[in-house]
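The values are calculated or read from the model by the stated rules, or taken from the named source; none is laboratory data. None of the values given here were measured: they were computed from a predicted structure. Cβ atoms come from the backbone with ideal geometry, glycine included; neighbour counts cover every protein chain shown.
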Amino acid sequence: MGVRMSDSDKTVFISYRRGVSWATARLIFQDLRDHGFDVFMDVESIDSGTFDTIILNQIAARGHFVVILAPGTLERCAEPGDWLRREIERALNLKRNIVPVLTNRFEFDDKAKACLTGKLADLARYNGVTIYPDFYEAAMDKLRTRFLKQPVKGRVVPASPAEQAAAQRQIEEIASQPPPTEDELTAEEWFNRGLALFYNSEEEIACYTEAIRLNPQYTDAYYNRGHARRKQGDLDGAIADYGEAIRLNPQYAEAYNNRGFARWKQGDLDGAIADYTEEIRLNPQHAPAYNSRGLALADQGDLDGAIADYTEAIRLSPWDVAAYSNRGEVYFATGQYDQALMDFNKANYLRPGFDFVLAGLAITQHALGQVKEAKRLWRRVRLGMDKRYRDVEWVRQELNWADPLVDEARKLIARL
C-alpha cells in the first residue's frame, strides 16, 4: 500500500536507533502505511557501502520526518559521525516537518540535552507525540491527524529512479514482515528500563535478562547485559553475552571490541587481539580499535606491531591523546627516547597536565639527562595525594608500565 511520491503531504521518513526502538519503529511504519502514508525506514547496516547516500536522499524525498526517542537513543548523538545524528541534521537542514515520538518514558532531561550538541539542540524545542503503552491508538491518531497534517516546508526532491527502486525494495521487505509481537514490544520496554538504570548494575542486568526472555533474538540486550556484567567484574559473563550478540549478528563490530577488552582484562591476549582484528576488518576507520590492539600487542611483547597500531590510530585520529602516550611508552621501552619525548610532548599539548602523560614526560627527560626538568615534572604529577607516587610498585600498577619505564621511575624517585 502506498501513494505517489509527488504527494509530499503523505510521505514520511522514520528515524530511530535500531537496538533501542526497532519494534516500535515497525509498529509505527505499519500503522502509517495502513492509513495511506508512503513510509520509509532503514533496515540495512550503514556499513553496506553507498546505501547511506540512498537513505539521506530519502529524507530529501519525503516531507515528514518522524524520529523515535527512547532512553538511550541520543547517547551517541554527540559523536559527529553518528548515523542517527546525520539523519536528524539532514532533516533540520532541509526544513522537514520534524515530529519527535517519545516512547518508554523518554524525557528531554539534562542528560539527553547534553547529547544534542550543535544544530541538534533545536530538536528539544519541537513538539512531539508521547506514546503510552495503554494508549497507543490515541497517540497514533494524534500523530496522523495533527502532527502529520502540518504543511511541508522546504523543497521535496524525488530520488533518482535507481535509488527509489532500492528504497522500494526495503519498504517492501519491511511491509512483508509480520507486525511486532506483544513480547517484542514488551522486551523493548524492559531494554529501555535497563538503559535508564546504567548506574545500578544488578537491576540493569535483571531488565536485560527479562528482555532476552521475551525476545531471545534481542542482540542489543545481550550486548548491554555484557556491559553491565563487566561493570560488576563478571568478565566470564560479559564475554558470554558479547559472544551471543556476535552469534546473532556477526557484523557487530562494537561487540568484538568489548569482548576484546574483557579478554584483555583476563589476560587472554590472543583472544583479545583476534577480536580487535575482526573489529578492524569490519570497521577499518575506527581509531580506538587500533589503540586497543596496540595495548594487547605490547603486552604480548610485539612492540613493533604495537607501534604500527598506535601510528595508525594517530593517523585516523590525530587528537588521540591515549595513542600518543601509549606509543611514547613503547618508544621508551625500546630505548627510542627522542621519539618518546615527541609523543609525550604531543600528548601533553593535546591534554595539558594529564598525570599519566606528565609521568611519561618526567621519566623520558630523566633518561635524557634532564634531571632538574624531570624532577619538576614528577612533582607536578598528582597520582596520589598521600605521596603514593613515591612508591615505585604502586606506580607500576597504577600506570601499567613495562619494566624499563618502572626502572627509570625508580631512579628518578630516588633523586627526589
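Annotation: of all residues in the range 217-245 being of a type in the set (A, V, I, L, M, F, W, C) and over 17 Å from the mean Cα position of the chain (by Cα), the one that is farthest from E184 (Cα to Cα) is L235.
Screening L214, L248 for residues that are surrounded by fewer than 22 Cβ atoms within 10 Å (Cβ to Cβ), more than 20 Å from the chain's Cα centre (by Cα) and in contact (Cβ under 8 Å) with a residue 24 or more places away in the chain leaves exactly one candidate, L214. Within the range 360-382, does at least one residue satisfy the condition of being touching an Asp or Glu at 6+ places or on another chain (Cβ under 8 Å), of a type outside the set (G, A, S) and surrounded by fewer than 14 Cβ atoms within 10 Å (Cβ to Cβ)? Yes, the range 360-382 has at least one match. When residues in the range 97-118 are screened for being within 26 Å of R146 (Cα to Cα) and of a type outside the set (A, V, I, L, M, F, W, C), 8 of them pass.
Being surrounded by fewer than 18 Cβ atoms within 10 Å (Cβ to Cβ) and touching a Ser or Thr at 6+ places or on another chain (Cβ under 9 Å) narrows it down to one residue among D355, D299, D309, D304; which is it? Talk me through it step by step, then tell me what you get.
Details: D355 fails: touching a Ser or Thr at 6+ places or on another chain (Cβ under 9 Å); D299 fails: touching a Ser or Thr at 6+ places or on another chain (Cβ under 9 Å); D309 fails: surrounded by fewer than 18 Cβ atoms within 10 Å (Cβ to Cβ).
Selected residue: D304, the only one of D355, D299, D309, D304 that is surrounded by fewer than 18 Cβ atoms within 10 Å (Cβ to Cβ) and touching a Ser or Thr at 6+ places or on another chain (Cβ under 9 Å).
Closer than 21 Å to D407 by Cα, out of contact with any Ser or Thr (no Cβ under 7 Å at 6 or more places or on another chain) and surrounded by 17 or more Cβ atoms within 10 Å (Cβ to Cβ): which single residue out of Y331, Y337 fits that description? Give the steps one after another, and end with the answer.
Values: Y337 fails: out of contact with any Ser or Thr (no Cβ under 7 Å at 6 or more places or on another chain).
None of the others qualify; the one that does is Y331.
A206 fulfils the conditions (1) free of Cβ contacts under 8 Å to residues at least 40 places away in the same chain; (2) exposed (fewer than 12 other Cβ atoms within 10 Å of the Cβ); (3) assigned to a helix (DSSP H, G or I) except for a single criterion, (2).
Beta carbons closer than 9 Å, at least 6 apart along the sequence or on distinct chains, pair a first residue in the range 80-94 that is over 15 Å from I68 (Cα atoms) with a second that is small (G, A, S) and not in a helix (DSSP H, G or I) for N93/G154; L94/G154.
Give E184, E163, E189 a once-over and let me know the one that is of a type in the set (D, E) and assigned by TED's automatic domain parsing to the domain that holds R17. Don't jump to the end; show me each part of the working.
Values: E184 fails: assigned by TED's automatic domain parsing to the domain that holds R17; E189 fails: assigned by TED's automatic domain parsing to the domain that holds R17.
Step by step, each of E184, E163, E189 is checked, and only E163 is of a type in the set (D, E) and assigned by TED's automatic domain parsing to the domain that holds R17.
Summed over the range 116-164, residues that are touching a strand residue (DSSP E or B) at 6+ places or on another chain (Cβ under 6 Å) and under 26 Å from P80 (Cα atoms) total 2. Filtered by the rule that a residue be over 20 Å from A23 (Cβ atoms) and touching a strand residue (DSSP E or B) at 6+ places or on another chain (Cβ under 8 Å), the range 165-206 gives a lone residue, A167.
Whether any residue in the range 273-291 is over 19 Å from the mean Cα position of the chain (by Cα), in a helix (DSSP H, G or I) and not polar (S, T, N, Q) is what I want to check. Give the derivation first.
Looking only at the range 273-291, we keep the residues that are over 19 Å from the mean Cα position of the chain (by Cα), and these are 273-274.
Now drop any that are not in a helix (DSSP H, G or I), which leaves 273-274.
Subset that is not polar (S, T, N, Q): 273-274.
Looking for residues that are over 19 Å from the mean Cα position of the chain (by Cα), in a helix (DSSP H, G or I) and not polar (S, T, N, Q), one finds at least one in the range 273-291, hence yes.
Criterion applied to A91, A60 was being crowded, with 19+ Cβ neighbours inside 10 Å and farther than 15 Å from R17 by Cα, and the one residue passing it is A91. Taking the range 231-255, which residues are modelled with pLDDT of 95 or more and among the basic types (K, R)? Answer for the range 231-255, where residues must be modelled with pLDDT of 95 or more and among the basic types (K, R): just R247. If you check A187, A159 for being of a type outside the set (D, E, K, R) and either loosely packed, with under 13 Cβ neighbours inside 10 Å or modelled with pLDDT of 90 or more (or both), only one passes: A187.
Of the helices (runs of 4 or more DSSP H) lying entirely inside the range 81-169, those containing at least 2 residues that are under 25 Å from the mean Cα position of the chain (by Cα) and among the hydrophobic types (A, V, I, L, M, F, W, C) are 83-93, 110-115. Determine whether the range 11-20 contains at least one residue that is within 24 Å of E163 (Cα to Cα), modelled with pLDDT of 90 or more and in contact with a Ser or Thr (Cβ under 9 Å, 6 or more places away or on another chain). Yes: the range 11-20 contains one or more residues that are within 24 Å of E163 (Cα to Cα), modelled with pLDDT of 90 or more and in contact with a Ser or Thr (Cβ under 9 Å, 6 or more places away or on another chain).
Looking at the range 113-133, which of the residues that are under 21 Å from W22 (Cβ atoms) and without any contact (Cβ under 8 Å) to a residue 40 or more places away in the chain is surrounded by the fewest Cβ atoms within 10 Å (Cβ to Cβ)? The residue in question is Y132.
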